[in-house]
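Take a look at the structure below.
Every number in this text was worked out from the coordinates using simple rules, so none of it is lab data. On a predicted model such as this, the values are computed, not experimentally measured, just so you know. So basically every Cβ, Gly included, is an ideal-geometry build from the backbone, and we count neighbours across all protein chains shown.
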Amino acid sequence: MIARHLITDEITPLKTSNTGNEALNWMDEYKVSHLPIVNNETFLGLIDEEDIYRMNKTDEPIGNHKLSLSHPYVNEHDYVYDVLTVIAKYDLSLIPVLGDNKKYLGCITLKKLMHFMAFTFSVNNPGGVVVLEMSETDYSLTEISNIVESNDAKILSVFLSSQPDSTRLEVVIKVNKIDLAAILNTFDRYSYFVKASFGKDDNIEDLRENYDSLMNYLNI
C-alpha cells in the first residue's frame, strides 16, 4: 500500500488567510493536533496547536505571524512503512502527501493509518497469537510457516520487532486457529522459545476490545 491510496478526504488544509481560531476549531472538528498550510497547491508546512497558542492574537490570519513551521511529508509513491516512520519520528497526528513538484495532494491521518494497520494485521479475524523470541541469525519465516502449516493452520500476519543494540528478535504471529496446543508443541520440538501465546476466545476478544478502545480514543 502506497501513501496515495491512504489519503483521507475529510481534512481541509489551512490557508495563510485563516485565523488561529479557525485553525483550532478545525483541529477540534477533525480530532487532530496538526494541520497543513497550503498556498494554492504548494505545501508551506505543518502548524500545530502550540504554534497557534503562541500567537498573540488568534483572531488574526496565521499568515500575519512568524510561525516555526515544520515541513515533514511523504511522497505519494512512498510505501506505508515510510509513512509510519515519518509519523513516529515527528510524533504527528497526520502527515501531508506530496506529488510531483511538491504539489499538495492531501494528508494521511493517524486514525486512517491505524485502521489500515488493523486490517493488515488481521485484528478482527478469528485466530490465535504466538510470540516467539530468537536471535536474528535463527529467524526463518519459511521454517516458521512450515511449522504452522504442518498443523493444518495458516499464518494471517507476522510482525517483527527488535531492541536497539540487540541481536534478538520478537516475532508475533497471528494464525487462523484458536487451539494452539499442537502448534506450540511443534515449536517446542524445534527448540523455539515461545515468549507468549494467546489462543482462547476471551483473549482474542480482549484484542478486539483494545483495538476498538483505541479507535474510540482517536475519535475523542
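Worth pointing out:
- A crude spin-label estimate for the pair ASP28 and LEU69, with each label 7 Å from Cα along the Cβ direction, gives 2.5 nm.
- Highest GNM mean-square fluctuation among LEU160, LEU132, LEU105, for the chain modelled with Cα contacts below 10 Å: LEU160.
- Of all the options SER135, SER166, SER70, the one that moves most in a Gaussian network model of the chain with Cα springs shorter than 10 angstrom is SER166.
- Site pair ILE178 and VAL131 shows an inter-label distance of 2.2 nm when each label is modelled 7 Å from Cα along Cα→Cβ.
- Residue (of TYR81, ILE108, ASN18) at the positive-pole extreme of the chain, dipole from beta-carbon charges: ASN18
- For ASN40, net neighbour charge (Lys/Arg +1, Asp/Glu -1) across residues whose Cβ lies under 14 Å away: +2
- Subset of LYS154/LYS177; LYS174/LYS195; LYS89/LYS195; LYS31/LYS112; LYS15/LYS103 violating a 18 Å alpha-carbon distance limit: LYS89/LYS195
- Each of (i) 18.6, 59; (ii) 18.4, 62; (iii) 22.0, 69 is a candidate for Rg and Dmax of the Cα atoms in Å; the one calculated from this structure is (iii).
- Taking label points 7 Å from Cα along the Cα-to-Cβ direction, THR58 and ASP152 give a separation of 6.2 nm.
- Length gained when the stretch TYR90-PHE193 is fully extended (0.36 nm per residue, less Cα-Cα span): 33.6 nm
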